[in-house]
């Protein structure tokens, strides 16, 4: 199994886990993940981003809002983003913007995971594993 970088995009050393106190019963639901599965999300920032600190803050804020513990993809890996998602088994990818991936990569990502973008706020649901035929 691929070892994901459990680090901030800049320091590449510390695991970023969203923190926060939630007092309602909805808070317990959110801490387990948006869909109640208790899974981690994979954060991604394009290596060529001119504002990586801002983008990382946006992704961390989105993870906290949706209740996902956050792991970071390794931009220096020989595997691309889609391959990292596929081999890790994670089901959610968090982006600060859809501009951090191209259209083809977004389409491929949606075969393996839900994609959530912080700004503008957008959700891209995973494609159904059951293919349909067009007539």
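Laboratory data are not the source of any read-out in this text; all were calculated from the coordinates shown. Everything numeric in this text was worked out from a predicted model, so none of it was measured. Neighbour counts run over all protein chains shown; Cβ positions are idealised from the backbone, glycine included.
Observations
- When you count the other C-beta atoms within 10 angstrom of each residue and take the mean per peptide, 64-76, 41-53 line up highest first as 64-76, 41-53.
- Value of relative contact order over region 30-124, rounded to a whole percent, pairs C-alpha under 8 Å and six or more apart: 31
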